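Working notes, structure below.
The values are calculated or read from the model by the stated rules, or taken from the named source; none is laboratory data. None of these values were measured; they are calculated from a predicted model. We place every Cβ from the backbone using ideal geometry, glycine too, and count neighbours over all the protein chains shown. Side chains are part of the model used for accessible areas, which takes the heavy atoms of the whole protein and leaves out ligands, DNA and RNA. Shrake-Rupley method; radii C 1.70, N 1.55, O 1.52, S 1.80 Å.
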Amino acid sequence: MEKITLFVNGRVRRLEVPKNRTLLRVLREDLHLTGTKAGCETGDCGSCKVLVDGEAVNSCTLPAFRADGKTITTIEGVAASDGTLHPVQRAFIEAGAVQCGFCTPGMIIATIALLNRNPDPSEDEIRSMLDGQVCRCTGYVKIVDAIRQASALLRSSHKDDMDTCEKAQLI
């Protein structure tokens with residue numbers, strides 16, 4: 001058994017886990033955060049993606065003890081504490097990129113990581129990121145549209161924040 005401390009969605013979580021237990025199993029079974037989906041459990045489908053220190057990671061292949069001391073964000077931690085959806089979540093809904101919903105948490109997490117690295121990705125960059133994400137319901141067109149829309153929302157929001165900061169400095 002390994003004693004680990006995880007910082008999950010803003011909360012400190014201390015656990016004792018078997019060395020072979022994956023982060024996916026800890027999140028779903030020990031912490032009851034079932035938004036992170038168990039798909040292939042081999043790291044191929046992307047439905048189990050979470051952010052680990054800001055990077056999108058397949059939680060099904062990451063031994064939980066390797067996440068000790070790390071900051072983990074699951075789909076449950078993406079929206080604001082008041083329930084306001086993250087711009088990526090809003091874009092997925094508005095673009096109709098959510099169908100059965102099974103792949104959606106992983107898609108949203110992967111999109112957030114992509115847009116944090118590159119706020120204005122090309123279609124090729126978006127599609128390259130989607131290579132690690134399997135969706136059986138769509139042809140990915142609406143998902144690509146949602147990612148473009150989220151990119152525009154985030155860039156607009158960032159510009160508004162910068163304008164507000166500049167105005168505050170003038171006062």
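A few comments on the model shown:
- Tally, over the stretch 19-41, of residues that are open to solvent by 60 Å² or more (accessible area, probe 1.4 Å) and either of a type in the set (F, W, Y) or in contact (Cβ under 8 Å) with a residue 40 or more places away in the chain (or both): 2
- For first residues located in the stretch 47-66 and under 8 Å from L23 (Cα atoms) and in a loop (DSSP other than H, G, I, E, B), partners that are open to solvent by 40 Å² or more (accessible area, probe 1.4 Å) and not hydroxyl-bearing (S, T, Y) and lie 6+ apart or on another chain with Cβ distances below 6 Å form the pairs C60/E41.
- Qualifying residue in the stretch 90-113 (condition: open to solvent by less than 40 Å² (accessible area, probe 1.4 Å), in contact with a Pro (Cβ under 7 Å, 6 or more places away or on another chain) and at pLDDT 95 or above): no
- Close contacts from the stretch 98-120, counting a first residue that is under 16 Å from G54 (Cβ atoms) and hydroxyl-bearing (S, T, Y) and a second that is open to solvent by 10 Å² or more (accessible area, probe 1.4 Å) and not in a helix (DSSP H, G or I), with Cβ to Cβ under 9 Å and a gap of 6+ residues or different chains, come to T111/A56.
- Each residue in the stretch 42-74 was checked for being touching a helix residue (DSSP H, G or I) at 6+ places or on another chain (Cβ under 7 Å) and open to solvent by 60 Å² or more (accessible area, probe 1.4 Å), and 1 of them qualify.
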